[in-house]
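Worksheet: one structure, shown below.
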Amino acid sequence: MTLENRNDAGGSLGKQIFRGTLIIIFVSILAKLSAFLSEAVNAAYMGTSKESDAYYMVAGIQQVLYPMLSIGIWKVFLPVYKDKITREGHSAAESLSNKMISFFSLVSLAAVVLLMLFSRQVVSVVATGFTGETKELCIDLVRISAPMYLFIVAAAIYAVMLQCHNKFFGSQIREVASHLPSILAAILLYRRFGIRVMALALVAGGILRLLIELPFVDWGYRYKPDFRFKGKEFGLMLKRLPSALLSEGVQQINALIDRSMASSFPEGAVSALNYGNRLCNVFSGLLSSAISTALFPQMVELISQKKHRELSGLMTKILNLFLLLMVPVTVACVLFSSDLVSAVYERGAFQAESTLLTSGVFTCYSIGLLFAASSAVVSNIFYGFGDTRTPLLISVFHMFVNVGLNLWLSRLIGVKGLALATSLSAVLTYGIRLFLMKKIVSPEWKSIMWTCIKTVLASAAACGAAYFAASLAGANVLLRLLVAAGTAVPLYLAAVIFLKVQAMSDLLALLRKKK
């Protein structure tokens, strides 16, 4: 099949997900802004200190467990729930939801109790470099924050239900709300009550994450406890769930391993790793989260209908779109790492030394931006076909590669080596995902190759010109970034149009049809 035919086949589906993607991008921007505001406020009040190291280690544990549970449940529950609605109607689907919420409420309660009882052992494992006061503080924060897991799992299940009813705003707004308690606690309470109030704010964020979703559940559903854990669909989900949880968990464990190894470096290393990673996630997470969230229900539908040609055309467009958007972002983040970190964080307790340390970490994370952003969509192909084993094996391999590179690179360049190891392992495992994906879905690889070449050339020219223009703007960081953006964006758009990048043509055509 020609590329044009594939594009036509994927076009109608692209229109279907366009609105959902725009909504998710809009809400994701709000979420990233609130997360940024939270990080900036925390940095201003806590800086890179022992207290912030202990707090961000606890936050790091949450950043392992929450995505593991939330995304793992999403990838397993959504295909079954959507199929249930299609074949048997809303009543049968809601009955399945009751069982899911009841089951995971019990699991969450057990996890919270275990986490509180064995907090010392958990900290000894994840923060091997912490000793004395820092270790004891970290143990206290783990105990205080543990109850938040009672709420975030239920929020994940409700998010799946909302997405399957095309209520993308309701499913995503929880990420905005979850940061508000931390912001308020830092500004109003931290200086008076200390770091422990920040752990309580994590619990409040978990509660708010669930409560803000409930008004959007307006199709007549009301949760009714159901502990009859039987049925074909429920059994199928339980069978697939361990692989999905472990697959996502391994990816998050990589980040926790990085923090654990950073705890053995001088004071501030854990905080710098967190700040750099959070800043990088704004650029990689915004696009990948929006597209993968809006795309997954439609991919499942195409797979169930055995429309492999349409799926192939869609994947060609998506991979080209990632190249179009993420290549210039990657180059810009590397060139302007110090300016970006300074503009976002440098105030209050976060001074020039913290900027220097964090910008080096951010630069190394930025190298893997494209690959981290694209991996989520590629992995969803396997989940859509009901294959949870392949993503798990790839994730386990990713973890071992990351640990090996951590040990080597951290000896050479310190904490920056941990971030560089994350990027290099992402590059390698993304290539493996693409290789295995082509056995079940074969996009137009020639088109993807040419898009890659053209976007690299356009990005190098545009960002190089922007770097030169920014150097003439003086020492003001915000002015430098404004000059750089004002130079790079129009030059890049002109370059990709001149080079006839297909992804740009597809995007413009889709935008014209939506007017």
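Each value in this text was obtained by applying a stated rule to the coordinates, not by laboratory testing. Bear in mind that the values here come from a model prediction, so they are computed numbers and not experimental data. Using ideal geometry, Cβ is built from the backbone for each residue, glycine included, and neighbour counts are taken over all protein chains shown.
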Cross-link reach from Lys500 to aspartates and glutamates, straight Cα distance under 14 Å and at least 8 residues apart if same chain, gives none
Hydrodynamic calc, segment 303-356: Kirkwood Rh from Cα pairs, then Stokes-Einstein at 4 °C with viscosity 1.567 mPa s, so D in µm² s⁻¹ is 90
Residues other than Ala470 with Cβ under 10 Å of its Cβ, Lys/Arg counted +1 and Asp/Glu -1, net out at 0
With the dipole of segment 147-231 defined by +1 on each Lys or Arg Cβ and -1 on each Asp or Glu Cβ, the option from Pro215, Gln172, Pro225 whose Cα lies farthest towards the positive pole is Pro225
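Tell me, what are the semi-axes, in whole angstrom and largest first, of the equivalent ellipsoid of segment 357-412 as set by the roots of 5 times the Cα gyration tensor eigenvalues?
27, 16, 5
From the gyration tensor of the Cα coordinates in segment 399-443, what semi-axes in whole Å does the equivalent ellipsoid have, largest first, with each one equal to sqrt(5λ)?
Over the Cα atoms of segment 399-443, the semi-axes work out to 28, 8, 5 Å.
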Whole-number value, in Å³ per residue, for the convex hull of the alpha carbons of segment 38-168 is 106
The correct pair for segment 413-515, radius of gyration to one decimal and Dmax as a whole number, both in Å and from Cα atoms, is 18.2, 53
In units of 2.2 N^0.38 Å, the Cα radius of gyration of the chain is 0.96
The extension gain from Leu211 to Asn166, computed as 0.36 nm times the residue separation minus the Cα-Cα distance, is 14.3 nm
Note: segment 453-495, point scatterers on Cα, Debye, no solvent; log10 I/I(0) at q = 0.19, 0.24, 0.26 Å⁻¹ equals -0.49, -0.70, -0.78
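How much length is gained if the chain between Met116 and Ala352 is pulled fully straight, taking 0.36 nm per residue apart and subtracting their Cα-Cα distance, in nm to one decimal?
81.2 nm
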Residue-normalised 222 nm signal for the chain, counting each DSSP H run of n ≥ 4 as -39,500 (n - 2.57), nearest 500 deg cm²/dmol, is -29000 deg cm²/dmol
Note, segment 123-138: 3J(HN,Hα) by Karplus (6.51, -1.76, 1.60, θ = phi - 60°), whole Hz, Gly/Pro = x, goes 5, 4, 7, 8, 10, 4, x, 6, 9, x, 4, 5, 5, 5, 5, 4
Rounded to one decimal in Å, the inverse mean reciprocal Cα-Cα distance for segment 123-239, i.e. its Kirkwood radius, is 16.7
Expressed in angstrom and ordered largest first, the alpha-carbon extents of segment 303-394 along the principal axes are 56, 27, 19
Inter-part gap, Cα centre of segment 174-191 to Cα centre of segment 373-417, in whole angstrom, is 31
Karplus ³J(HN,Hα) for segment 261-273 (6.51 cos²θ - 1.76 cosθ + 1.60, θ = phi - 60°; Hz, whole; x = Gly/Pro) runs 5, 5, 5, 8, 8, x, 3, x, 5, 5, 5, 4, 4
Taking placed amide H atoms and a strict 5 Å upper bound, the residues 5 or more places from Gly268 or on another chain that come that close are none
For the pair Asp226 and Asn476, the simple spin-label estimate (label points 7 Å beyond Cα toward Cβ) gives in nm 6.1
The percentage of Cα-Cα pairs in segment 71-143 separated by more than 14 Å is 70
Taking r as the C-beta separation of Lys239 and Arg309 and R0 as 35 Å, the FRET efficiency to the nearest 0.05 is 0.70
With x for Gly and Pro, the residue-by-residue ³J(HN,Hα) of segment 411-421, computed from phi through the Karplus equation 6.51 cos²θ - 1.76 cosθ + 1.60 at θ = phi - 60° and given in whole Hz, is 6, 7, 10, x, 5, 4, x, 5, 5, 5, 4
From the cross-link list Lys82/Lys230; Lys82/Lys307; Lys75/Lys230; Lys50/Lys416; Lys232/Lys317, the entries with a Cα-Cα span beyond 27 Å are Lys232/Lys317
Extension length gain for Leu184 and Val427 (0.36 nm per residue less Cα distance), in nm, is 83.7 nm
So, relative contact order of segment 395-515 in percent, Cα under 8 Å, 6 or more apart, is 18
